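*Asks:* Mind looking over this structure? Questions follow.
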Amino acid sequence: MFRLFSKDDKNMCPIDAEMRLWMENSFLWLATQFGHDNIGTKQMLYPTFEHFPFTYDGSLEVLSKTSELVAKQMEINPDEINLEVFDENIKEISRGGHHSFWTEVDPDSEVSLAAGVFFDKSDNGKYDIFIEQQSMTDPECMVATIAHEFSHIKLLGERRLDVNDESLTDLTTVVFGLGIFNANSAYKEWKSNEGFGHNSIGYLKQREWGYALALYAYFRGEQEPGWTKYLTLNLQSDFKRSMEFINANQDKVFIEEYHGRG
């Protein structure tokens, strides 16, 4: 009888080899940028009232409080951020000649929508961050969008990168202990009277998020972290498969070099 699983499955990485090497090398680069000990000991934030003690009623006040909490987690001065809300139907947001990046909702979709927008510092010395209004009543999506836009600050605003890299921006949320939110938002199902479907935020795919979080746990010496209970069931499965691969290939993980696309 054909076997769906074999004893060698633990040696099968859930993501392709090139992506695995890019992610491991990028994770180490981020660790060097933001401190190995810092990443290894920083408290992770969970989607709980204990960590986000707000009632998400769609108000600007709650958005502001959430932003301040995420800024503290990511070691950003909230006084340097100007936070605003926009409607997805607006096709263009302009801040003169200042550099901007749009965070897409479901980049593979034929319909291009934005969950958030990052603008580099303006003449008033502040970063302009725009959050799409539909995120205001979805706390997990709100935190994920803020974390991604604030990761632009850590990489571009603080001049660690000269060229934007959205996948690296996604990965930055993981090293700052916010990966649960962005991973869960990578694939979210929805239902209504008009039908059902899914939305996604960010650029890494679901399995890649599972591997990213497994790298995070491995880096921190967490074999069976309790925080995986906050992940969606599919992500829990991707995380488990990733951890099995990592543990079975410790002579490769974080050791082999990534040489870029040939």
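The values are calculated or read from the model by the stated rules, or taken from the named source; none is laboratory data. As the structure is a computational prediction, the values presented were derived from the model and not from experiment. For neighbour counting, all protein chains shown are included, and Cβ atoms are generated from backbone atoms with ideal geometry for every residue, glycine included. Ligands, DNA and RNA are excluded from the accessible area calculation, which covers all protein heavy atoms including side chains. Shrake-Rupley method; radii C 1.70, N 1.55, O 1.52, S 1.80 Å.
*Asks:* Does the stretch 136-146 contain any residue that is open to solvent by less than 60 Å² (accessible area, probe 1.4 Å), modelled with pLDDT of 95 or more and outside any helix (DSSP H, G or I)?
*Replies:* No, the stretch 136-146 contains no residue that is open to solvent by less than 60 Å² (accessible area, probe 1.4 Å), modelled with pLDDT of 95 or more and outside any helix (DSSP H, G or I).
*Asks:* Do you know which of the residues in the stretch 19-66 that are among the hydrophobic types (A, V, I, L, M, F, W, C) and touching a strand residue (DSSP E or B) at 6+ places or on another chain (Cβ under 8 Å) is least open to solvent (accessible area, probe 1.4 Å)? It would help to see each step written out before you state the result.
*Replies:* Start the filter on the stretch 19-66 by keeping residues that are among the hydrophobic types (A, V, I, L, M, F, W, C), which leaves 19, 21-23, 27-31, 34, 39, 44-45, 49, 52, 54, 60, 62-63.
When the remaining residues are screened for being touching a strand residue (DSSP E or B) at 6+ places or on another chain (Cβ under 8 Å), the result is 60, 63.
Details: LEU60: 119, LEU63: 4 Å².
Among residues in the stretch 19-66 that are among the hydrophobic types (A, V, I, L, M, F, W, C) and touching a strand residue (DSSP E or B) at 6+ places or on another chain (Cβ under 8 Å), the one least open to solvent (accessible area, probe 1.4 Å) is LEU63.
*Asks:* Note down all Cβ pairs under 9 Å where the first residue falls in the stretch 213-235 and is of a type in the set (Lys, Arg), the second is assigned to a helix (DSSP H, G or I), and they're at least six residues apart or on different chains.
*Replies:* Once the first residue is of a type in the set (Lys, Arg) and sits in the stretch 213-235, its partners that are assigned to a helix (DSSP H, G or I) give ARG220/ILE39; ARG220/GLY40; ARG220/THR41; LYS229/GLN236.
For every residue, the table says whether it meets (1) closer than 16 Å to PRO78 by Cβ; (2) free of Cβ contacts under 8 Å to residues at least 60 places away in the same chain; (3) within 18 Å of the chain's Cα centre (by Cα).
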{"residue": "GLU140", "(1), (2), (3)": "no, no, yes"}
{"residue": "ALA144", "(1), (2), (3)": "no, yes, yes"}
{"residue": "HIS148", "(1), (2), (3)": "no, yes, yes"}
{"residue": "SER151", "(1), (2), (3)": "yes, no, yes"}
{"residue": "LEU156", "(1), (2), (3)": "no, yes, yes"}
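*Asks:* Inspect all residues belonging to the stretch 193-208 and state whether any of them is within 12 Å of PHE239 (Cα to Cα), open to solvent by less than 20 Å² (accessible area, probe 1.4 Å) and at pLDDT 95 or above. If you could, list the steps in order and put the result at the bottom.
*Replies:* Taking the stretch 193-208 first, the residues within 12 Å of PHE239 (Cα to Cα) are 206-208.
Add one more test, that the residue is open to solvent by less than 20 Å² (accessible area, probe 1.4 Å), and what stays is none.
There is no residue in the stretch 193-208 that is within 12 Å of PHE239 (Cα to Cα), open to solvent by less than 20 Å² (accessible area, probe 1.4 Å) and at pLDDT 95 or above.
*Asks:* Something else: Looking at GLU222, GLU244, GLU257, can you tell me which residue is open to solvent by 10 Å² or more (accessible area, probe 1.4 Å), modelled with pLDDT under 95 and of a type in the set (Asp, Glu)?
*Replies:* On the way: GLU222 fails: modelled with pLDDT under 95; GLU244 fails: modelled with pLDDT under 95.
One residue alone meets the criteria, GLU257.
*Asks:* Right, something else. For a quick check of your reading of the model, give me the residue pairs whose first member lies in the stretch 12-28 and is in contact (Cβ under 8 Å) with a residue 24 or more places away in the chain and over 12 Å from HIS259 (Cα atoms), whose second is assigned to a helix (DSSP H, G or I) and open to solvent by 40 Å² or more (accessible area, probe 1.4 Å), with beta-carbon atoms closer than 6 Å and at least 6 apart or on different chains.
*Replies:* Short answer, once both residue conditions are applied: PRO14/ARG207; PRO14/ARG241; ILE15/ARG207.
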